[in-house]
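Read the structure below first, then the notes.
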Amino acid sequence: MKANKIVLAILALGTVGTVGSINLASADEFLVGVQIPLTGPLARVGLGTQEGIRVAAEVFNKTNGKHTIKLITVDDESAPAKAVAAVEKLASQNVVAITGGYASNNISPASDAAGKLGLAYVTSGGVDDGLVNAGRKNFFRINNTQGYQKALVGLLTDLNVKSVSIIYSTKDATHGLAADVEKTLAAKGVKVVTHAFDPLITDFKPIINKVKLRDRSEFIVMVGYENDYVGILRAARVLKPSIKGVAGVWSLATPKMAADFPDLMPNVYGTAVLPFPVQFSTEEGKRFADGYKALLNKDPDYLGQFGYVQSMLLFEAIARAADKGTLKKGGVIDEMRKTDRQTLIGRVQFDARGDNPNFTQRMGQHQGKKVELVWPKESATAKPVYPGLPW
């Protein structure tokens, strides 16, 4: 009898301990899904964004004091169907929300899948306005087409460019941005010629030949993704159209592109929140930069910065929902909707569509081994090199 009582006591203690551990884990540690392209044509931007997401988790876990985040990452292989499968796999592993995504064509079905599963979805990788105009209640993004369009047009206006050839991918986000840029420049009296290309093409010499012989524009604007930029710049390097400058949008003005394609990047412009190398003056900025160096042994770029901001806002919303006991009642989505604070990219709020109305980009330029901010003037770290070409 005495032995039985001891066994029962041990079992009881074990049961209490197990239950206590489960309660503690559910209260303190939350699983967050990361659906991101780590392979395929978008791998470079996916890896850059993932770095910021990882740093956000590290900083949050060190500073929150109560809750912790554990990331579960699934590669979407840069494909829409795989993005949906990634979300479904993450949901099966009991994540409470999803961060990541890149390219609007992938994000659209992925965020729909997350919505059906009741999961908040936050990204910086999709700027197609269809993402926020489709009535998604679970979708949030920290950047948008308008911010990129203002930056491109602002730079070209300050450079007094009179004629532009826009070379753009037919994907939804790139097509939409190209159309906005064309309309705004035309209203300013700039001569604009557009050239659409299928996302699968790799030989841009026919388009560059048209720019050289028919358009005779002063400037080329590229609206696409990393592989597109490389193909366009390689073709231009061979054919050498009589232009004065080249600019692109996301994922171009980064130290990674400079390191991987040193012969193609000199003097090329791209959107950038940060110069490189970068210094931060705010406490959060210092935590981000220090965390980046500690975890990855390098300085951050703007892809990492975006990944950090979107994820930190999500982690904070999860913590607030947990404290209110609404985590399983749509609380993360509700708390994301209430977000309003200064971040490393400026003030972030989310309107009823999940868009951030405060977003404004800047323009950087590859100058030597640096990425200098050259627009707007009040944020510039250097003057633009213009005319300036990478050949």
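Overview of values
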{"quantity": "Most mobile of L177, L71, L42 in a GNM of the chain (Cα contacts under 10 Å)", "calculated": "L71"}
{"quantity": "Candidates S281, S217, S108, ranked by Gaussian network fluctuation over the chain, Cα under 10 Å, top entry", "calculated": "S281"}
{"quantity": "Inter-part distance where segment 329-358 and segment 174-200 are each reduced to a Cα centre, Å", "calculated": "30"}
{"quantity": "Candidates per trypsin sites (Lys or Arg not before Pro) in segment 44-126, loop by DSSP, up to 13 other Cβ within 10 Å", "calculated": "K66"}
{"quantity": "Assigned charges on the beta-carbon of Lys, Arg, Asp, Glu; the chain dipole about Cα centre (debye)", "calculated": "260"}
{"quantity": "Helical contribution to [θ] at 222 nm, DSSP H n ≥ 4, -39,500 (n - 2.57), averaged over the chain, rounded to 500", "calculated": "-14500 deg cm²/dmol"}
{"quantity": "Solvent-accessible area per residue for the chain (1.4 angstrom probe, square angstrom)", "calculated": "43"}
{"quantity": "Label of the coordinate-derived value, percent of Cα pairs over 37 Å apart, listed as [x] 25; [y] 52; [z] 21", "calculated": "[x]"}
{"quantity": "Gain on full stretching of the segment that runs from N133 to D290 - 0.36 nm per residue minus C-alpha separation", "calculated": "52.8 nm"}
{"quantity": "With Cα atoms, 0 to 90° folded angle of helix 226-239 axis to the chain main axis", "calculated": "20"}
{"quantity": "Restraint check, K82/K205; K162/K244; K89/K324; K70/K328; K150/K370, Cα-Cα greater than 21 Å", "calculated": "K82/K205; K89/K324; K150/K370"}
{"quantity": "Max mean-square fluctuation residue, GNM over the chain, Cα-Cα springs under 10 Å, options L344, L200, L274", "calculated": "L200"}
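The values are calculated or read from the model by the stated rules, or taken from the named source; none is laboratory data. If you're wondering where the values come from, they're calculated on a predicted model, not measured in any experiment. Glycine gets a Cβ as well: all are built from the backbone with ideal geometry, and neighbour counts include every protein chain shown. When the accessible area is computed, the model is the full protein with side chains, heavy atoms only, and any ligands, DNA or RNA have been set aside. Shrake-Rupley method; radii C 1.70, N 1.55, O 1.52, S 1.80 Å.
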